[in-house]
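Below is one structure, written out as structure tokens, with a few remarks after it.
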Amino acid sequence: MKLSSFLPRLFATAALLVSIGSCSEKLDSSGVCPVLCPQIGDDVQNVIIDAVVVDTTVPALSGLGTEPGLLLASRGDSLDSRVVIRFDSLPETFVPTGGTETPITTVDSAYLRLFLDTTSIKGAEPVTIEAYDVDTTADDTSSAAILALFRPDRFISSQTFGRGELTDTLKYFIDNAAVLARIQSNVPLRIGLRAVSIGSTQMRFLSSETGFGPLLFFRATPDTTTKPLQNFPFSKTPVGQGIIATDLADYTVIAKGPPPAPPGDLSVGGLPPHRVYIRFDIPSNIIDSATVVRATLLLNQLPNSELDPTDSVAILPQVVLAGSAVTDPVRAAQIIGTITVDTLMLKPGGSGQVNVELARAFTLWHTQRPDSLPRAIVLKSVFEGTSPLEIRFSSSEAVAALRPRLRISFTPKVPLGLP
């Protein structure tokens, strides 16, 4: 499909999604304009159908470094994640108070300012954050190459924090000599952070994508009347790929992720992150010739006790906007739009039936031919890529009673007309 023909349809569909919100999903629509949201009669029919034709777990292909958070964790055999921050452009001169531009020959009081999401902290024991030099000419996206650089000869510095010292603004001091050496050699300063603790520890810093990412500060003179120099994360590589280079200014590297879901199960979230793609075949007498007043996807949640089973995960249903030309579920699951601002709050260790409301998706599908816009949705984690927690569901491969199904309430189509 040509981009020129795809974009107008995508924008029009997105605009329709906004207008869908004007109609209530409640069965009582007596106070709504009858042209936009017809009156619902008393002959509402309720059916439960096996309408799923494709359900699968797909990777979230948002790209390395596009996440809003940087996950630093050491959870024993369950999770080990590191943080990489690149400063590929460092100043070589400064202006002292009352002076003129001067070459930098001294670095004093160098530190990283990190904004910490205090709600993400796990572990009560003190945590030591170690810094390593992770500059390399290897493939920028190679996690193995970066992880291999967390070794003694690459060590820069460390700092230990008690639980009470982990506040929303963290000042992490960096070895002054290490910063000066990079400035004088005109080479990048690329810092890899690793957490070490006698217990399990985890925290999430804000990334540059939020506008509140890491910053490097240092003084080029011991004179405290001269303002510190401020440096933003910046990556020069990959050369010629500006968007990817921007993403790689700061990112999370997964050394060890939680165990994956068993084959055949559907999983949302986790690390690396996954989404669930589900496509339906809905009878035409319902989607085309009736007014759907409520539609609910019935899922069976499976307990996952691997990591923080009692914590909550926010799951957001999304409608797939990829046209029928996109047949690969992995690709289709990346082209999505919002159908609700309401999230499902689920615990990884929970089990039993979960209801996902899809009435607004049905309103969209009613306006689109199935050969133009397949009836498909995606389930994704709100904290995709920054939380290791994973929610699991039974798939269509499970026994009949546990498979995903649709429960639909509808009434014979109400003809539209002006009052």
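The values are calculated or read from the model by the stated rules, or taken from the named source; none is laboratory data. Bear in mind that the values here come from a model prediction, so they are computed numbers and not experimental data. Counting neighbours? That spans all protein chains shown, and the Cβs are built from the backbone with ideal geometry, glycine included. When the accessible area is computed, the model is the full protein with side chains, heavy atoms only, and any ligands, DNA or RNA have been set aside. Shrake-Rupley method; radii C 1.70, N 1.55, O 1.52, S 1.80 Å.
Put simply, of Leu364, Leu271 the only residue that is outside any strand (DSSP E or B) and either of a type in the set (Asp, Glu) or touching a Pro at 6+ places or on another chain (Cβ under 7 Å) (or both) is Leu271.
Condition check ((1) of a type in the set (Phe, Trp, Tyr); (2) under 21 Å from Phe234 (Cβ atoms); (3) touching a Leu at 6+ places or on another chain (Cβ under 6 Å); (4) touching a residue at least 24 places away in the same chain (Cβ under 8 Å)) across all residues:
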site: Leu116; (1), (2), (3), (4): no, no, yes, yes
site: Thr119; (1), (2), (3), (4): no, no, no, no
site: Thr128; (1), (2), (3), (4): no, no, no, yes
site: Thr137; (1), (2), (3), (4): no, yes, no, no
site: Arg151; (1), (2), (3), (4): no, no, no, no
site: Thr160; (1), (2), (3), (4): no, no, no, yes
site: Asp168; (1), (2), (3), (4): no, no, yes, yes
site: Asn186; (1), (2), (3), (4): no, yes, no, yes
site: Val196; (1), (2), (3), (4): no, no, no, yes
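Filtered by the rule that a residue be in a strand (DSSP E or B), farther than 18 Å from Ser143 by Cβ, open to solvent by 30 Å² or more (accessible area, probe 1.4 Å) and touching a helix residue (DSSP H, G or I) at 6+ places or on another chain (Cβ under 9 Å), the range 55-70 gives a lone residue, Thr56. Restricting Leu248, Leu229 to those that are in contact with a strand residue (DSSP E or B) (Cβ under 7 Å, 6 or more places away or on another chain) and closer than 30 Å to Gly76 by Cα reduces the list to Leu248. None of Ala73, Ala51 is at pLDDT 95 or above, over 30 Å from Asp247 (Cβ atoms) and either open to solvent by less than 40 Å² (accessible area, probe 1.4 Å) or not β-branched (Val, Ile, Thr) (or both) except Ala51.
Looking at this structure, is Val35 over 30 Å from Leu266 (Cβ atoms), out of contact with any Pro (no Cβ under 7 Å at 6 or more places or on another chain) and at pLDDT 95 or above? For Val35, the condition - over 30 Å from Leu266 (Cβ atoms), out of contact with any Pro (no Cβ under 7 Å at 6 or more places or on another chain) and at pLDDT 95 or above - is not met. Whether a residue is in contact with a Pro (Cβ under 6 Å, 6 or more places away or on another chain) and either of a type in the set (Ser, Thr, Tyr) or within 30 Å of Gly98 (Cα to Cα) (or both) was assessed, and Arg219 passes this test. A search for C-beta distances below 8 Å between a residue of the range 303-315 that is in contact (Cβ under 8 Å) with a residue 12 or more places away in the chain and any residue that is among the aromatic types (Phe, Trp, Tyr) and part of a loop (DSSP other than H, G, I, E, B), counting only pairs 6+ apart in sequence or on different chains, returns Val313/Phe383; Ala314/Phe383.
The listed residues are Val292, Val313, and the only one of them that is of a type outside the set (Ser, Thr, Tyr), in contact with a strand residue (DSSP E or B) (Cβ under 6 Å, 6 or more places away or on another chain) and closer than 30 Å to Leu147 by Cα turns out to be Val313.
Of all residues in the range 237-250 being open to solvent by 30 Å² or more (accessible area, probe 1.4 Å) and either among the polar types (S, T, N, Q) or at pLDDT 95 or above (or both), which is nearest to Ser120 (Cα to Cα)? Top of the filtered list is Thr246. Among the residues making up the range 337-358, those that are open to solvent by less than 40 Å² (accessible area, probe 1.4 Å) and under 18 Å from the mean Cα position of the chain (by Cα) are Gly337, Ile339, Thr340, Leu344, Leu346, Pro348. Of all the numbered requirements in (1) crowded, with 17+ Cβ neighbours inside 10 Å; (2) within 25 Å of the chain's Cα centre (by Cα); (3) in a strand (DSSP E or B), Ser409 misses one, and that requirement is (2). Could you please let me know if Lys380 is open to solvent by 30 Å² or more (accessible area, probe 1.4 Å), within 17 Å of the chain's Cα centre (by Cα) and touching a residue at least 24 places away in the same chain (Cβ under 8 Å)? Here the answer is yes, as Lys380 does meet what is asked. Among the residues of the range 321-330, is there at least one that is among the hydroxyl-bearing types (Ser, Thr, Tyr) and either at positive phi or surrounded by 22 or more Cβ atoms within 10 Å (Cβ to Cβ) (or both)? Checking the range 321-330: not a single residue is among the hydroxyl-bearing types (Ser, Thr, Tyr) and either at positive phi or surrounded by 22 or more Cβ atoms within 10 Å (Cβ to Cβ) (or both). Condition first: open to solvent by less than 70 Å² (accessible area, probe 1.4 Å), over 30 Å from Thr66 (Cα atoms) and among the charged types (D, E, K, R). Can you find one or more residues in the range 280-293 that meet it? Within the range 280-293 (the criterion being open to solvent by less than 70 Å² (accessible area, probe 1.4 Å), over 30 Å from Thr66 (Cα atoms) and among the charged types (D, E, K, R)), the answer is yes, since at least one residue qualifies. Identification of strands (runs of 3 or more DSSP E) wholly contained in the range 121-219 with 2 or more residues that are open to solvent by 40 Å² or more (accessible area, probe 1.4 Å) yields 155-161, 169-173, 189-196. Taken together, the residues in the range 139-149 that are in contact (Cβ under 8 Å) with a residue 24 or more places away in the chain and not charged (D, E, K, R) amount to 5.
Matching residues to (1) over 29 Å from Thr105 (Cβ atoms); (2) among the acidic types (Asp, Glu):
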| position | (1), (2) |
| --- | --- |
| Ala124 | yes, no |
| Ala144 | yes, no |
| Glu165 | yes, yes |
| Asn176 | no, no |
| Glu209 | yes, yes |
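Out of all the residues in the range 82-108, which are farther than 19 Å from Ala177 by Cβ, among the polar types (S, T, N, Q) and outside any strand (DSSP E or B)? Within the range 82-108, Ser89, Thr97, Thr100 meet the criteria.
Can you confirm whether Phe115 is over 18 Å from Val253 (Cα atoms), in contact with a Pro (Cβ under 7 Å, 6 or more places away or on another chain) and either modelled with pLDDT of 95 or more or not polar (S, T, N, Q) (or both)? Here the answer is no, as Phe115 does not meet what is asked.
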